[in-house]
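A short reminder: the numbers here are calculations on the coordinates, not readings from a lab. Quantities reported herein were computed from a predicted structural model and do not represent experimental measurements. With ideal geometry, Cβ positions are generated from the backbone for all residues, glycine too; neighbour counts draw on all protein chains shown.
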Amino acid sequence: MDGTFNGLPLKRIIALKTTAMTSGNTLNTFRVLGKPNPELEERLRLNAPALLILSAHEIQGTLVQYTADLHGGFYEVTIESIG
């Protein structure tokens, strides 16, 4: 699926996982396939505001974790949403 992360259009979002936490917050993790993406890496700042817009819904919160597996060819990003 395609989407936008903090204003950057992304193609090849291959997974979206939502995990409810006991505190009432939600963790939303998405994975993007692709080669190194400097524009995406500029937007990956821990504890910074994060907005993921997909065709079906919008996820807004704080970026709490990310992984760049450049050998595997993907980025994995986790946004924590309050409430």
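Some values worked out for this structure:
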{"read-out": "Extent along principal axes [Cα atoms of the chain; Å; largest to smallest]", "value": "35, 24, 20"}
{"read-out": "Order of Phe30, Phe74 - criterion: other Cβ atoms within 10 Å of each residue's Cβ, fewest first", "value": "Phe74, Phe30"}
{"read-out": "Relative contact order of the range 3-81, defined on C-alpha pairs under 8 angstrom at six or more residues apart (%)", "value": "32"}
